[in-house]
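The block underneath contains the structure these notes are about, expressed in structure tokens.
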Amino acid sequence: MRTEHAPTIHRADYAPLAWTVARIDLHFALAPQATVVTSRLACVRNPDAAPGPIVLDGEELETLALTVDGLDPAPGTVRRTESRIEIDVADRDEVALEIVTRINPQANTALSGLYLSRGGYFTQCEAEGFRRITWFPDRPDVMARFTVTLEGDKAACPVLLSNGNLVEEGELPDGRHYARWEDPFPKPCYLFALVAADLVALERRELTASGREVLLQVWVEKGNLDRAGHAMESLVHAMRWDEETFGLELDLDRFMIVAVSDFNMGAMENKGLNIFNAKYVLAKPDTATDVDYEHIESVVAHEYFHNWTGNRVTCRDWFQLTLKEGLTVFRDQQFSADMLACAAGAEGGSSARAVKRIDDVRVLRSAQFPEDAGPMAHPIRPESYQEINNFYTATVYEKGAEVIRMLHTLLGPEGFRNGMDLYFSYHDGQAVTCDDFVNAMAEANGRDLDQFMRWYGQAGTPRLRAQGEWNGADGSYTLTLSQSTQPTPGQPDKLPLVIPVAVGLIGPDGADLPLQLEGEHQPGATTRVLELATETRQWRFTNLAAEPAPSLLRGFSAPVILELDEDDGRLAFRMAHDSDACNRWDAAQRYAERVLLQLAADAAAGRALKVPAPFIDAFGKLLRNELLDPAFRAQALALPGEAYLLERMEPADPAALRAAQLHVGAELGRVLAADWLALAESLVEPGEYRYHPADAGGRALVNLALRYLCAARVDAGVALAAARFDSATNMTDRFGALAALMHGAVPAAEAALAAFYRRYQNDTLVLDKWFALQAGAWRRDAAAAPVLAQVRELLADPAFSPSNPNKVYALLGSFFRANPGEFHLADGSGYEFWAEQVIALDAANPQVAARMARALENWRRFTPALQAAIRPQLERVLAADGLSPDVTEIVEKALA
Ligand code: PHE
Ligand code: ZN
């Protein structure tokens, strides 16, 4: 059927290379279609490895010359295939190679290696892009010192950047110029970068904690300088935070961030030269929402934090990816929580932290839980892969961060910090494994973490079953916790994990009870962390005056699915009283999930839909509770996401679920209309826009109110949304109002959408929002044209471009992944469109295509009728000529 089978690579097969590279001197003669790369390698024999040839990787390279110690290689000593060169070297421990290759940046539509974007040259080398630039042992355990000379046209590329320090620059004949950069730190080639483009920089000088002056630059296209300030602020905050929290200082004299329009991922932590998807750099109030500002802050921090967790200490091989990603995500989550808490001040600090935690939990549940339950399920440290690009996953990143968070919970902040210090003291400058990290944590804390390591090897989301038994006679409460994990592909049997379960017990008056475990002499704190390390275990709480309501997994203390039988009344009670904001939110989510899934079942069976009054009542109480921070209320009043609900539905029936969601949303809008209106009107707009959590919370809550009001088509609400759209002075308000109008599919939506387009037609990042909104639209009128028709039409819009990943994610990603109710059409036309688009995208950019392909990986969870329509489309994709290893792996695993 297919042309090519990608081999499977196994973690167990790791072996060090016989030869590594100590130094590399690169010279680039830049030209759009024929860039000549001259590479001089100082290769050294690896004393720790079995003897063997020098091995180099390459991909799509035109090789112009190769010499060994300045000479043509002796006959028979070089073996070369399309993707590999082996060179035999006898009787020496050091060899100088010189290799000249020619590459075509303009033809590089995969955006991996050296490519062009809007006339400038940019690189992306993680994971295996460097081999598309020159022959090199392209793996992270080869750490070399880099010197880089760039030579290019001065008019087209006035700015020439690479890693480290600028050591020389000058003019050349024919309108060309050059710059030479030296990176003092040895690094794996995936951290190499260059930029040659027409850019300008926002600059700032800062002192590090030890008093060194460093130059910070944010490079953007001319005309975008007024959008670079927030990224710069974020960078400075991240620097300070890492100094204060982990004692980690910037180690370079210069740190650069560059924004590029065409980029597959969010951003990349190249040493001293971070390259960013422009969407995570550029912001001003008129073009970016509060959420955009938040994302920029956390991505800037994430990439900056990689300088220590990723760059100074890197991964031995790509199976260890979570070593840098899980840890760095955890660090950026803590940073964002601290920033929010700091802005909220003493009083609002803990609520602000919870809001951030809830955001992270939402992402985990809606993106990672489904992954862990499907054909792509893998441990945070995978055992095998076909295409490493497919393993930049929610599991490696988000679940990986949860695993680090559990260590932080188990060891405490100080113990965790001690472990980090020990990790750096042992491994600075090395390429290491996840075991090395956990061993440092264990040693620094005198704690055995062998069983904890199972989190690195076992896939699947554990189920945590909780049962409580109240004994009124002696005032004790017995809590039984048990764990189990379903089989995942290749892992039929699961072992018990170490699960930290933060527990509180709520008294009948709603207040937390002091916790006293059997055998203790006095009650202690009101939240305690229990460690479940066996299949099942009991704890007995004593000295209780009345039957408590358990509040389990507070702060979402472990990435598990909690199963606890609570009736509606109990959920409403916890919605009103749980002192743990995360669990209070979770109680609302559980209640809403119960209602939505019941109504979905009713819809599927053709029964009338009715929202239970007690639910609306509990919901209304949260809505009216002015003691609660608006940002928290906005979280608690938002219904669970569609992807998460589909995961909980057996079988997944997107049409029925959509019917339920439409109905519940409209009912909550209609019945609580007066409250929503009062709320939207009472939260007065603070003066001039500033990105501040307190203001952002208010804006989020108003936008949510508009959404419910428009869903219910409450006239006054629709009028308010339209007025706010017209008078908005910032993107958060403007886009929130537009989204509400669209969501309600009210007549005013169309004009607003057109006005939005006119206003921003030259602003490509804002147009991404315009595409996403339409692709994610919900139909309220069965007679209206399906969203699919609109998506097809938008493909032809002059502002759309299939070669720009952001556009693809905005239009197709929003449709396939964020709009199941419209994508999963009964006639299968959505799937046909999906196959056609995946095949077309794959020819140009496999990574982007593979991401879109993943939209159907969990197809076996859907109704039999939908499955029958999906299967032939999966097969059609798999049969496509020249399908990439990326998409092949996804579709093969889905069909397996
Ligand atoms: N390493 C990047 C990050 O997490 C993500 C990335 C991976 C970017 C692969 C590009 C290519 O910060
Ligand atoms: Zn990262």
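The values are calculated or read from the model by the stated rules, or taken from the named source; none is laboratory data. Just so it is clear, the model here is predicted, and its values are computed rather than measured. Note that we place each Cβ from the backbone using ideal geometry, even for glycine, and neighbour counts take in every protein chain shown.
Here are a few things to note about the model shown:
Quick grid of which residues meet (1) out of contact with any strand residue (DSSP E or B) (no Cβ under 7 Å at 6 or more places or on another chain); (2) away from ligand 2 (no atom under 14 Å from the Cβ); (3) not in a helix (DSSP H, G or I):
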| site | (1), (2), (3) |
| --- | --- |
| 283 | yes, yes, yes |
| 286 | yes, yes, yes |
| 291 | yes, yes, no |
| 298 | yes, no, no |
| 302 | yes, no, no |
| 307 | yes, no, yes |
| 311 | no, no, yes |
| 319 | yes, yes, no |
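- Evaluating residue 388 against the criteria (1) away from ligand 1 (no atom under 16 Å from the Cβ); (2) closer than 25 Å to residue 12 by Cα leaves one unmet condition, (1).
- Qualifying positions in the range 366-389 - surrounded by 19 or more Cβ atoms within 10 Å (Cβ to Cβ), part of a helix (DSSP H, G or I) and within 16 Å of ligand 2 (Cβ to nearest atom): 367, 368, 389
- Restricting 278, 337, 343 to those that are surrounded by fewer than 24 Cβ atoms within 10 Å (Cβ to Cβ) and modelled with pLDDT under 95 reduces the list to 343.
- Any hit, the range 199-216, residues being outside any helix (DSSP H, G or I), crowded, with 22+ Cβ neighbours inside 10 Å and β-branched (Val, Ile, Thr): no
- Residue count, the range 525-561 (criterion: of a type in the set (A, V, I, L, M, F, W, C) and in a loop (DSSP other than H, G, I, E, B)): 9
- Scoring residue 797 on the criteria (1) within 23 Å of residue 757 (Cα to Cα); (2) in a helix (DSSP H, G or I); (3) of a type in the set (D, E, K, R) leaves a single failure, condition (2).
- Residue check for residue 129: more than 16 Å from ligand 2 (Cβ to nearest atom), in contact (Cβ under 8 Å) with a residue 12 or more places away in the chain and small (Gly, Ala, Ser): no
- Failed condition for residue 674, given (1) without any contact (Cβ under 8 Å) to a residue 24 or more places away in the chain; (2) closer than 24 Å to residue 583 by Cβ: (2)
- Some residue of the range 73-94 being buried (at least 16 other Cβ atoms within 10 Å of the Cβ), modelled with pLDDT of 95 or more and within 25 Å of residue 844 (Cβ to Cβ): no
- Residue within the range 98-118 that is out of contact with any helix residue (DSSP H, G or I) (no Cβ under 8 Å at 6 or more places or on another chain), in a loop (DSSP other than H, G, I, E, B) and within 16 Å of ligand 1 (Cβ to nearest atom) present: no
- Close Cβ contacts (under 8 Å, 6 or more residues apart or on different chains) running from residues in the range 82-104 that are within 11 Å of residue 63 (Cβ to Cβ) to residues that are in a loop (DSSP other than H, G, I, E, B) and among the acidic types (Asp, Glu) comprise 82/59; 103/60.
- Helices (runs of 4 or more DSSP H) contained in the range 827-891 and holding at least 3 residues modelled with pLDDT of 95 or more and of a type in the set (D, E, K, R): 829-844, 864-878
- Residue in the range 155-177 that is outside any loop (DSSP other than H, G, I, E, B), free of Cβ contacts under 8 Å to residues at least 12 places away in the same chain, touching a strand residue (DSSP E or B) at 6+ places or on another chain (Cβ under 9 Å) and not aliphatic (A, V, I, L, M) present: yes
- Residues in the range 433-485 that are within 24 Å of the chain's Cα centre (by Cα) and assigned to a strand (DSSP E or B): 463 alone.
- Out of 618, 631, 636, sole residue that is touching a Lys or Arg at 6+ places or on another chain (Cβ under 8 Å) and either under 22 Å from residue 361 (Cβ atoms) or of a type in the set (D, E, K, R) (or both): 636
Residues checked against (1) surrounded by 22 or more Cβ atoms within 10 Å (Cβ to Cβ); (2) farther than 27 Å from residue 834 by Cα:
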position: 720; (1), (2): yes, yes
position: 731; (1), (2): yes, yes
position: 738; (1), (2): yes, yes
position: 745; (1), (2): no, no
position: 757; (1), (2): no, no
position: 777; (1), (2): yes, no
position: 780; (1), (2): no, no
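- Every residue from the range 295-330 that is under 20 Å from residue 421 (Cβ atoms), out of contact with any Leu (no Cβ under 7 Å at 6 or more places or on another chain) and either aromatic (Phe, Trp, Tyr) or within 9 Å of ligand 1 (Cβ to nearest atom) (or both): 305, 306, 310, 324, 328, 330
- The lone exception for residue 323 - which of (1) under 15 Å from the mean Cα position of the chain (by Cα); (2) within 14 Å of ligand 2 (Cβ to nearest atom) it fails: (1)
- For the range 537-577, taking the residues that are in contact (Cβ under 8 Å) with a residue 60 or more places away in the chain and among the polar types (S, T, N, Q), the one that is surrounded by the fewest Cβ atoms within 10 Å (Cβ to Cβ) is identified as 538.
- In the set (1) within 16 Å of ligand 1 (Cβ to nearest atom); (2) surrounded by 24 or more Cβ atoms within 10 Å (Cβ to Cβ), residue 128 fails one condition alone, (2).
- Residues of the range 161-178 classified as crowded, with 21+ Cβ neighbours inside 10 Å and either in contact with a Ser or Thr (Cβ under 9 Å, 6 or more places away or on another chain) or farther than 23 Å from residue 125 by Cα (or both), total: 2
- In summary, residue 227 fulfils each of the numbered conditions (1) closer than 30 Å to residue 37 by Cα; (2) in contact (Cβ under 8 Å) with a residue 40 or more places away in the chain with the single exception of condition (1).
- Flag if residue 338 is more than 16 Å from ligand 2 (Cβ to nearest atom) and among the acidic types (Asp, Glu): yes
- For residue 401, the conditions (1) hydrophobic (A, V, I, L, M, F, W, C); (2) part of a loop (DSSP other than H, G, I, E, B); (3) within 16 Å of ligand 1 (Cβ to nearest atom) are fulfilled apart from (2).
- Checking the stated criteria, residue 396 turns out to be assigned to a helix (DSSP H, G or I) and buried (at least 24 other Cβ atoms within 10 Å of the Cβ).
- Filter result for residue 363 (surrounded by fewer than 23 Cβ atoms within 10 Å (Cβ to Cβ), under 13 Å from the mean Cα position of the chain (by Cα) and within 16 Å of ligand 1 (Cβ to nearest atom)): yes
- 1 or more residues modelled with pLDDT under 95: qualifying helices (runs of 4 or more DSSP H) within the range 651-724: 673-682, 693-711
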